[in-house]
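**Q** One structure follows; several queries about it will come next.
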Amino acid sequence: MACDISMTEGPAPSQGAYIPRSVIDHMNPFFFQSHGHAHAHNHNHYRHHHGNTHGRHQSYLDTTTPTSSQSKKTDDAAATFLQTPVPRRPSVQIDNPSSSITTTTTTVTTTTVPATVSATPASYNNTPPATPPLAQDPSKLITDVVAWCTARARIPTPDGSEYFLHIYENSKDKKEHLAFVFGDAIRSKSLDKVQWNETEMDRVKRGAYTGRLRNTVSEELQKGGAITAPLSTGSVETIAPMIPLARLHSECFTGEIGHSARCDCGEQLDEAIRLMKVEGSGVVVYLRQEGRGIGLAEKLKAYNLQDLGYDTVMANLMLNHGADERTYEVAQAILVDLGLNQIRLLTNNPDKIEQIEKGSQIKVVERVAMMPKSWEALELGMEAEFEVKEGAVENKIVKGKELDKYLKVKVERMRHLIPIPSNMTV
């Protein structure tokens, strides 16, 4: 059965009439019918067994055969709901590029992580959110966003270096965010905190140790013996480093795993890790917000629109998304947990600097630019010597006309601070 969802009847709704997608499903008239039917079935079943034996129980209204007036009200309400369009979420870069970000934020505190985190149901105001609904809950300020490290482990790399991978949970969403921590001077306060009734082995299992673990397990011990030797080498002498590098990196499956030449996300992640290895200190905060916050499925839909000729910004808008829906409250909380109040941020995006500083104690003392490798070679006149072939990915170095178009849109429509090569043609 086809439903008339024409948006020409009546005046177009204002932004104040915004209805989140999660509520639209419950406005379907079939939802009301099935919901009412379920209640009617349960009530009738209850009366069938208990109605004659307990006179004090009131009888329930049989809703399986609604009156004509009830049907008319339901049909009118359903028609109104179905005729309400869902406007796209506004974008700072597109709707008001001259203004600063509008996301409501306040200071991140270093409050001790609670043993249990109660999740408050999201409440929606009448303003179309530029960020996910949780950030729009008026009762949920950024001071409530807390991140705590649940596990840490040493990760050796092929070149002989190593880093500690931290897994973070938080009070804002149900995702596990990551932190690649280079060097021994940067430690998680929530991880080091002693938990109730835990043993030394418990702390070792979750990575709350100093120094390096040493192999104390022999074949006999693996058969059931007890470990009596110290498990770690103890504290290590650390020299207070300079203000560390930091990278706020959002997950990109296509660019990092799928070898996509549509973006340079994989190249940026590898370059950030390389620079931190050189300095021996730094943090990559890896946020699980694929596709600038719209998710992998919506991102693939945007790719299809890009193949039709729309740029990356317009493709998102056509899918009723903002140009960039990423938020950085969790990143703020992770940096605070790691004790980083001053950072040198690896980014070309001024929006990251504004969001990470706004309402927090974190200060970006320096922006370290990340020039795309292919553009850098083009600017230096070394394009002929560039090893990566057109449209290919090699060692996370990307080159191609689709990448050039993607980067140019970021510069021209999203305020990214990348100099466009003067001799580039797209």
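The values are calculated or read from the model by the stated rules, or taken from the named source; none is laboratory data. Model, not experiment: these values are computed from the prediction. Cβ atoms come from the backbone with ideal geometry, glycine included; neighbour counts cover every protein chain shown. Please note that ligands, DNA and RNA were not included when accessible areas were found on the heavy atoms of the full protein model with its side chains. Shrake-Rupley method; radii C 1.70, N 1.55, O 1.52, S 1.80 Å.
**Q** Does Ile343 satisfy being assigned to a helix (DSSP H, G or I) and either assigned by TED's automatic domain parsing to the domain that holds Leu403 or farther than 19 Å from Leu269 by Cβ (or both)?
**A** no
Every residue, every condition in (1) open to solvent by 90 Å² or more (accessible area, probe 1.4 Å); (2) within 30 Å of Gln342 (Cα to Cα); (3) at pLDDT 85 or above, yes or no:
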| position | (1), (2), (3) |
| --- | --- |
| Arg367 | no, yes, yes |
| Leu378 | no, no, no |
| Phe386 | no, no, no |
| Ala392 | no, no, no |
| Lys396 | no, yes, no |
| Glu402 | yes, no, yes |
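**Q** Can you tell me which condition Val284 does not meet? The list is (1) among the aliphatic types (A, V, I, L, M); (2) part of a helix (DSSP H, G or I); (3) touching a residue at least 12 places away in the same chain (Cβ under 8 Å), and all the others hold.
**A** Among (1) among the aliphatic types (A, V, I, L, M); (2) part of a helix (DSSP H, G or I); (3) touching a residue at least 12 places away in the same chain (Cβ under 8 Å), the lone unmet condition for Val284 is (2).
**Q** Can you tell me which residues in region 172-201 are open to solvent by less than 40 Å² (accessible area, probe 1.4 Å) and touching a helix residue (DSSP H, G or I) at 6+ places or on another chain (Cβ under 6 Å)?
**A** Within region 172-201, Lys172, His177, Ala179, Phe182, Ser188, Ser190 meet the criteria.
**Q** Sort through Gly282, Gly293 and tell me the only one that's surrounded by fewer than 23 Cβ atoms within 10 Å (Cβ to Cβ) and in contact with a strand residue (DSSP E or B) (Cβ under 8 Å, 6 or more places away or on another chain).
**A** On inspection, the qualifying residue turns out to be Gly293.
**Q** Continuing with this model, one more query. Restricting to region 212-237, name every residue that is out of contact with any helix residue (DSSP H, G or I) (no Cβ under 8 Å at 6 or more places or on another chain), open to solvent by less than 70 Å² (accessible area, probe 1.4 Å) and modelled with pLDDT under 60.
**A** Gly225, Ala229, Val236
**Q** Continuing with this model, one more query. Evaluate region 298-318: report whether one residue or more is more than 20 Å from Glu402 (Cα to Cα) and open to solvent by 40 Å² or more (accessible area, probe 1.4 Å).
**A** There is no residue in region 298-318 that is more than 20 Å from Glu402 (Cα to Cα) and open to solvent by 40 Å² or more (accessible area, probe 1.4 Å).
**Q** So, in region 319-338, how many residues would count as being open to solvent by less than 20 Å² (accessible area, probe 1.4 Å) and over 16 Å from Pro350 (Cβ atoms)?
**A** Qualifying residue count, region 319-338: 12.
**Q** Just give me the residues in region 238-258 being within 21 Å of the chain's Cα centre (by Cα) and either at pLDDT below 65 or not hydroxyl-bearing (Ser, Thr, Tyr) (or both), in sequence order.
**A** Hits for region 238-258 are Leu245, Ala246, Arg247, Leu248, His249, Glu251, Cys252, Phe253, Gly255, Glu256, Ile257, Gly258.
**Q** With the requirement that a residue be in a loop (DSSP other than H, G, I, E, B) and under 20 Å from Leu213 (Cα atoms), what does region 160-194 give you?
**A** Gly160, Ser161, Gly183, Asp184, Ala185, Ile186, Arg187, Ser188, Lys193, Val194
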